[in-house]
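Visitor: I'd like to ask some things about the structure below.
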Amino acid sequence: MSLQGKTVLVTGGSRGIGRAVCVRLAGMGAYIYCNYVSNPAAAEETLELVRAAGGDGEAVAFDVADVEQVQAAIKQIGTDRGTLDVLVNNAGITRDGLVARMKESDWDAVLDTNLKGAFFCAKAASRLMMKQRWGRIINITSVIGFAGNAGQVNYAAAKAGMVGVTKSMAREFASRNITVNGVAPGYIVTDMTSELSEDIQDKIKGEIPLSRLGSPEDVAGAVAYLAGNDGSYVTGQVLHVNGGMYM
């Protein structure tokens with residue numbers, strides 16, 4: 001499970017699942033690039049945890065929905081490190097609303113960040129990975145992309161789209177020894193779920209066979225498996241981390 005000497009980029013790494021992934025992969029020896037958009041203090045908190053785990057890294061600011069920012073940032077990583085070995089497409093937003101009331105701008109914002117952003121990052125990262133004939137691309141999708149959810153048609157569409165992206169890229173990149181996989185979290189204790197009332201959280205727990213919400217570390221463990229050598233013969237797959245909520 002070692003990633004000693006590997007360079008990792010985690011988008012949306014300043015909090016929640018992204019932060020847990022940064023810390024877990026740093027503990028495996030990777031050099032971490034923690035991407036953020038607007039909160040450098042949160043990114044620095046992540047890096048403090050990375051260093052406490054025995055790793056090292058730096059923050060990198062760019063908007064995954066902006067192709068020019070993505071290309072410039074990943075090109076710079078390649079220049080500075082000579083490599084980019086693992087990309088974790090974790091950045092995501094929500095703009096919830098019922099279909100009848102959803103604004104086009106809310107649809108576009110979620111698809112642009114959650115789906116198009118993952119495509120932009122994977123496209124840029126794959127150029128470096130193909131040259132070295134080794135790479136891992138891990139897309140964080142969601143149980144919502146499989147089961148759907150009222151009020152989240154834009155989020156569900158984006159996360160379901162990531163599954164198709166994952167499978168297609170896995171076929172394209174396999175000959176260059178690049179694996180592409182997804183991880184689909186269920187309800188995880190993050191800033192998003194903390195906004196739910198206790199009653200709603202209790203109702204959700206009642207629908208989960210393991211009777212609890214997951215932790216960001218639960219998801220990070222799945223990412224670690226796919227990023228390391230133990231997952232080297234796994235590609236085009238989505239690993240569900242949802243406590244049995246969706247089977």
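The values are calculated or read from the model by the stated rules, or taken from the named source; none is laboratory data. Being a predicted model, the structure only gives us computed values, none of them experimental. Neighbour counts are summed over all protein chains in view; Cβ atoms, including those assigned to glycine, are modelled from backbone coordinates with ideal geometry. Heavy atoms of the whole protein, side chains included, go into the accessibility calculation; ligands, DNA and RNA do not. Shrake-Rupley method; radii C 1.70, N 1.55, O 1.52, S 1.80 Å.
Visitor: So which helices (runs of 4 or more DSSP H) stay within segment 177-247 end to end and still have 2 or more residues that are modelled with pLDDT of 95 or more and within 19 Å of the chain's Cα centre (by Cα)?
Guide: Helices (runs of 4 or more DSSP H) meeting the threshold: 216-227.
Visitor: Let me ask you something else. Just to verify a result, which residue in segment 134-153, among those that are in contact (Cβ under 8 Å) with a residue 60 or more places away in the chain and open to solvent by less than 10 Å² (accessible area, probe 1.4 Å), is nearest to His240 (Cα to Cα)?
Guide: We begin by selecting, within segment 134-153, every residue in contact (Cβ under 8 Å) with a residue 60 or more places away in the chain; these are 136, 138, 140-141, 143, 146-147.
Going one step further and asking which of them are open to solvent by less than 10 Å² (accessible area, probe 1.4 Å), we end up with 136, 138, 140-141, 143.
Values: Arg136: 18, Ile138: 13, Ile140: 10, Thr141: 9, Val143: 7 Å.
Checking each candidate, the answer is Val143.
Visitor: Could you check segment 158-193 and list, in sequence order, the residues that are free of Cβ contacts under 8 Å to residues at least 40 places away in the same chain and open to solvent by less than 80 Å² (accessible area, probe 1.4 Å)?
Guide: First pass over segment 158-193, keeping only residues free of Cβ contacts under 8 Å to residues at least 40 places away in the same chain: 160, 164, 168, 172, 175, 189, 193.
Passing the criteria: Ala160, Gly164, Ser168, Thr193.
Residue by residue, here is whether (1) under 19 Å from Gly78 (Cα atoms); (2) in contact (Cβ under 8 Å) with a residue 12 or more places away in the chain; (3) basic (Lys, Arg) holds:
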site: Val21; (1), (2), (3): no, yes, no
site: Arg24; (1), (2), (3): no, yes, yes
site: Gly27; (1), (2), (3): no, yes, no
site: Ala30; (1), (2), (3): yes, yes, no
site: Glu44; (1), (2), (3): no, yes, no
site: Val50; (1), (2), (3): no, yes, no
site: Ala53; (1), (2), (3): no, yes, no
site: Ala65; (1), (2), (3): no, yes, no
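Visitor: Let me ask another. Looking only at segment 75-114, count how many residues are open to solvent by less than 20 Å² (accessible area, probe 1.4 Å), within 25 Å of Ala184 (Cα to Cα), of a type in the set (A, V, I, L, M) and part of a helix (DSSP H, G or I).
Guide: Qualifying residue count, segment 75-114: 1.
Visitor: Search segment 4-19 for residues being touching a Phe, Trp or Tyr at 6+ places or on another chain (Cβ under 9 Å) and of a type in the set (D, E, K, R), and hand back the single one that is farthest from Ala73 (Cα to Cα).
Guide: Arg15
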